[in-house]
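A quick write-up on the structure given underneath.
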Amino acid sequence: MPRRPLLALLAFLAFISLGLPDGLLGVSWPSIRGDFGVPLDALGLLAAVQMAGYLTSSFLSGRILRVLPIGTVLALSTLAAALALLGFALTPLWPLLLALGFLAGLGGGAIDAGLNAYGAAHFSARTLNWLHAFFGLGTTLGPLIVTAVLNSGNVWRWSYVIVGSAQLLLALVFALTRGRWVDAAASGAEAAAPVPAARTRDTLRRPIVWLGMLTFFFYSGLEMATAQWSYSLLTLGRGVPEGAAGLFVSLYWGSLMVGRILFGLIANRVPLVGTLRLCLIASALGALLFWLEPTRPLSVAGLMTIGFFLAPIFASLISLTPGRVGRAHADSAIGFQIASAGLGGATLTALVGVIARAGGLELIGVCIVVAAVLLLALYEVFIRVGSGTTATPAEAVSS
């Protein structure tokens with residue numbers, strides 16, 4: 001198998017593994033809290049600790065990639081995630097589980113930022129979109145694994161043994177193939193001299209980098225706030241039966257994953273900058289439909305429209321980043337973007353909850369519309385202000 005298809009396959013597997021733990025935790029949490037004797041809301045503490053690890057490694061990814069080659073980073077990060085998951089299965093102590101959560105976050109953040117940075121330089125926009133679709137596959141498989149384990153009469157810990165063992169095997173594969181990542185990067189740079197990576201503090205001095213971070217902050221905030229609060233708005237605010245509301249939220253996630261797969265088919269054939277603009281406008285219109293709810297079917301259609309047209313934004317913005325900030329700053333900038341996305345998802349989701357509690361559930365729809373409009377505005381500024389020294393393949397298509 002040629003190097004680049006093999007590496008793309010490994011990247012797909014890595015993103016499935018990145019999504020699996022997220023899918024495990026929600027379904028296994030009632031059993032976990034029972035075993036450790038902690039309150040139901042202790043899930044928030046565990047999630048916060050994991051997020052702290054994720055933000056730390058993704059923010060520092062540019063500095064890490066200046067010291068270690070990408071293949072080594074992937075091998076070590078996947079090993080850390082595997083050991084954390086296997087530790088979940090074995091530990092009897094809640095404080096140790098929290099420490100393992102931080103380790104899992106460190107591994108996940110490094111994989112996410114490292115693969116996105118590598119993909120922006122060496123994969124097409126099509127491959128990057130499919131990469132993020134495979135993350136959705138991982139989050140879909142996680143609950144199915146836990147459900148199968150529990151239905152078979154086994155304890156929740158076996159689901160973490162299964163996923164942790166699979167990640168351990170993947171870490172071994174990354175270790176055995178780590179030289180291929182370096183060789184592929186070198187062969188892809190034949191037409192141009194390598195660009196030395198800029199220092200982290202120099203990257204942070206560039207306004208375009210902060211614009212990119214803000215754009216990812218609001219993108220992830222919009223995606224996650226819509227996912228987390230639409231069910232509450234539908235059931236508690238609009239009287240939709242719980243079963244139907246759960247189906248509507250599943251359709252939102254399904255639209256997001258299907259959109260990434262379908263956009264991957266055309267990503268290399270369309271003007272990327274203009275296409276993303278149209279997608280952002282369409283997602284804002286979908287948010288407006290969901291908020292105003294002229295009819296129930298149109299409201300659900302609006303929710304699905306948000307998911308479908310948000311689908312290509314994250315991966316495609318990653319592919320545009322080297323051309324916006326310059327290749328010397330790309331690795332660090334993408335790490336900052338990944339960290340900002342994680343922070344935005346958590347922060348805006350929490351903020352929407354505070355606003356809804358203070359002013360009523362219908363303000364959830366207003367918040368989603370405002371976030372969609374702000375995301376469109378930030379995208380326009382990010383595209384117009386940024387200028388890089390070397391265009392990416394995706395940038396070439398977009399011009």
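Listed peptides 215-226, 237-248, 154-165 appear in the order 215-226, 154-165, 237-248 once ranked by packing, highest mean of other Cβ atoms within 10 Å at the front. Got a sec? Which residues in the range 76-97 would a label at residue 38 touch, if it sits 7 Å along Cα→Cβ and we count backbone N under 17 Å? From the range 76-97, the list is 84-97.
Contour minus end-to-end for residue 210 and residue 22, with contour as 0.36 nm per residue of separation and end-to-end as the Cα-Cα distance?
The span from residue 210 to residue 22 would gain 64.9 nm if fully extended.
Determine, for each peptide in 29-40, 368-379, 317-328, the mean count of other beta carbons within 10 angstrom over its residues, then list the peptides with the highest first.
On the way: 29-40: 13.4, 368-379: 21.0, 317-328: 25.7.
In descending order of packing, they fall as 317-328, 368-379, 29-40.
Look at [x] 64, 46, 40; [y] 60, 50, 38; [z] 77, 43, 35: the one that is Cα extents along the principal axes in Å derived from this structure is [y]. Remark: the chain carries a charge dipole of roughly 760 debye about the Cα centre, counting +1 on each Lys and Arg Cβ and -1 on each Asp and Glu Cβ. Here each label is just a point 7 Å from Cα along the line to Cβ, and for residue 351 and residue 63 those points are 2.7 nm apart. Measuring between their Cα centroids, the range 1-67 and the range 99-153 lie 7 Å from each other.
Filter the chain for me: DSSP H helices, axial length by Cα at least 18 angstrom, mean Kyte-Doolittle hydropathy not below 1.0. List them by residue number.
Values: long enough: 3-36 (47 Å, 0.91); 42-59 (26 Å, 1.30); 70-90 (30 Å, 2.19); 94-122 (41 Å, 1.02); 125-151 (40 Å, 0.94); 157-176 (28 Å, 1.60); 207-232 (37 Å, 0.70); 242-266 (36 Å, 1.35); 272-292 (30 Å, 2.00); 296-310 (21 Å, 1.40); 327-359 (46 Å, 0.84); 363-385 (33 Å, 2.55).
Once both thresholds are applied, what remains is 42-59, 70-90, 94-122, 157-176, 242-266, 272-292, 296-310, 363-385.
Could you calculate the contour length gain from residue 296 to residue 269, that is, 0.36 nm times the residue separation minus the distance between their Cα atoms, to one decimal place in nm? Before the final figure, lay out the partial values.
Working: separation 27, 0.36 × 27 = 9.72 nm, distance 3.58 nm.
Result: 6.1 nm gained on full extension.
Taking Cβ atoms as reference points and 11 Å as the exclusive limit, the residues near residue 199 contribute a net charge of +3, counting Lys and Arg as +1 and Asp and Glu as -1. Relative contact order of the chain: 25 percent, from C-alpha pairs under 8 Å at least 6 residues apart in sequence.
Multiplying the residue separation of residue 281 and residue 173 by 0.36 nm and removing their Cα-Cα distance gives an extension gain of 34.7 nm.
Read-outs: derived from the displayed coordinates by stated rules, not from any lab. Computed from a predicted model, the values in this text were never measured in an experiment. Ideal geometry is used to build each Cβ from the backbone, glycine not excepted, and the neighbour counts take in all protein chains shown.
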